[in-house]
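Comments concern the structure below.
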Amino acid sequence: MWLALILSGVTFFIFLLMLAPAGAVVYLLPGRFSGWGFVLVIVFAWALKAAFMEPFAIASLMQVYFKAIEGQVPNPEWDHRLSEASRQFRDLKKQAASSFGARPAAASP
């Protein structure tokens, strides 16, 4: 939750920071092109957010997630339920087991 709020705040700050160059564009290009300066600010703020802030947010979330699941093992009951319900899950489980050099568990009756 905090990360999302911080990300939104930084994006808004970037938007405000880009208003000064957009104001210069509006001043230099009066008339019908002046509205495009505001659009330029929005697009540039969004592009900076997508290029720099979102990868940082994803890396931060992954760090918290890996710390939270450290030492946990999958619940065998849910593993069995998902294996029974989904062929794609069984295939994914087999691929994961083979990529780590483990033998997949035998199918239960």
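Overview of values
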read-out: Tally of residues being of a type in the set (D, E, K, R), over 14 Å from the mean Cα position of the chain (by Cα) and outside any loop (DSSP other than H, G, I, E, B) across the stretch 43-79; value: 3
read-out: Residue list for the stretch 1-42, filter: small (Gly, Ala, Ser), farther than 25 Å from Leu61 by Cβ and in a helix (DSSP H, G or I); value: Ala20, Ala22, Gly23, Ala24, Ser34, Gly35, Gly37
read-out: Any chance Glu84 is under 28 Å from the mean Cα position of the chain (by Cα), loosely packed, with under 15 Cβ neighbours inside 10 Å and of a type in the set (Asp, Glu); value: no
read-out: The stretch 26-80, subset of a type in the set (D, E, K, R) and modelled with pLDDT of 90 or more, residue nearest to Ser8 (Cα to Cα); value: Lys67
read-out: Lone qualifier among Met53, Met18 - being touching a residue at least 40 places away in the same chain (Cβ under 8 Å) and surrounded by 13 or more Cβ atoms within 10 Å (Cβ to Cβ); value: Met53
read-out: Near pairs, Cβ below 7 angstrom, 6+ apart or cross-chain, from the stretch 80-92 (part of a helix (DSSP H, G or I)) to any residue that is among the small types (Gly, Ala, Ser) and surrounded by 12 or more Cβ atoms within 10 Å (Cβ to Cβ); value: Phe89/Ser83; Arg90/Ser83
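Here is a yes/no grid of residues against (1) of a type in the set (Val, Ile, Thr); (2) surrounded by 14 or more Cβ atoms within 10 Å (Cβ to Cβ); (3) in contact with a helix residue (DSSP H, G or I) (Cβ under 6 Å, 6 or more places away or on another chain):
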residue: Ile6; (1), (2), (3): yes, yes, no
residue: Gly31; (1), (2), (3): no, no, no
residue: Phe44; (1), (2), (3): no, yes, yes
residue: Ile58; (1), (2), (3): yes, no, no
residue: Phe66; (1), (2), (3): no, no, no
residue: Pro76; (1), (2), (3): no, no, no
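The values are calculated or read from the model by the stated rules, or taken from the named source; none is laboratory data. It should be emphasised that the depicted structure is a prediction, and the values quoted were computed from it without experimental measurement. Using ideal geometry, Cβ is built from the backbone for each residue, glycine included, and neighbour counts are taken over all protein chains shown.
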